[in-house]
Amino acid sequence: VTSVLYPGQIRGGEFKAHGGFRFDNSRPEEITVVAPIDAPVVTGARYPAFGEIQYTLEFEDPCGIRYRLGYILTLTPKFQAIAEKFPLPTTLDSRTTEVRPSVAVKKGEIIATAVGLTGEGVGGTGKVNTFLDWGVYDYRQKNEASQDPVWAETHTSLTYQYGVCWFDWISAVDREKVLGFPSSDGTSGKQSDFCK
């Protein structure tokens with residue numbers, strides 16, 4: 001990891017509940033994504049982005065904690081078989097489709113073997129862009145930001161109202177590492193409605 005996107009901030013002119021990681025010194029195929037907890041895959045999407053097919057997957061623990069991975073480039077066969085059933089829009093449309101029935105996933109299971117963009121797609125730049133979106137949502141209760149009625153009125157999406165600062169959910173050692181990285185976003189920096 002070379003920098004971190006903070007969850008709960010405006011990026012590219014839109015509010016984003018998820019955060020993410022950049023891997024500027026790595027190629028997409030050098031990043032392996034592993035399930036952090038036991039949680040079945042419940043929704044997902046596939047869509048074209050800069051001439052390359054990208055995937056989003058969401059996993060939800062039975063207690064109501066959901067995590068979302070986005071900009072996955074290469075899935076392992078188990079997850080590729082799931083993703084092949086998702087509609088393939090002609091534009092960058094990452095709306096998700098339910099996985100029915102959900103598919104069990106165990107902690108440590110390899111989900112993907114490449115993330116981001118190779119830049120080699122149709123009309124591509126030829127520039128590698130290695131990154132991964134990462135969001136965590138606690139559907140047991142709305143987040144602190146949503147308690148402000150003015151904020152809630154303009155942030156109506158469920159992901160906005162249930163998104164969490166996942167920095168607070170990792171070990172102290174890992175949290176220190178994450179907070180030590182620079183922000184990936186040059187405009188919002190480390191400013192976040194979720195992370196205080």
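The values are calculated or read from the model by the stated rules, or taken from the named source; none is laboratory data. What you see is a predicted model; the values in this text were computed from it and never measured. Please note: Cβ atoms are built from the backbone with ideal geometry, for glycine as well, and neighbour counts cover all protein chains shown. All accessible areas refer to the heavy atoms of the entire protein, side chains included, with ligands and DNA or RNA removed. Shrake-Rupley method; radii C 1.70, N 1.55, O 1.52, S 1.80 Å.
Annotation: cysteines of the chain without a disulfide-compatible partner (Cβ-Cβ under 4.7 angstrom) are Cys63. Taking the chain as a Gaussian network of alpha-carbon nodes connected by springs under 10 Å, the highest mean-square fluctuation of the residues Arg175, Arg11, Arg27 belongs to Arg175. For the range 2-56 versus the range 130-179, the spacing of their alpha-carbon centroids is 15 Å.
Our estimate of slack between Ile170 and Gln80, defined as 0.36 nm per intervening residue step minus the Cα-Cα distance, is 29.6 nm. Measuring between alpha carbons in the structure, the pairs from Lys127/Lys196; Lys78/Lys106; Lys16/Lys85; Lys107/Lys127; Lys16/Lys142 lying more than 23 angstrom apart are Lys127/Lys196; Lys16/Lys85; Lys107/Lys127.
Shown for the chain: the carbon plus sulfur share of the solvent-accessible area, taken with all protein chains present and a 1.4 angstrom probe, equals 53%. Shape class for the range 87-196, computed from the alpha carbon gyration tensor (a ≥ b ≥ c): rounded, with a/c under 1.5. Seen through its C-alpha gyration tensor, with square-root eigenvalues sorted a ≥ b ≥ c, the chain comes out rounded because a/c lies under 1.5.
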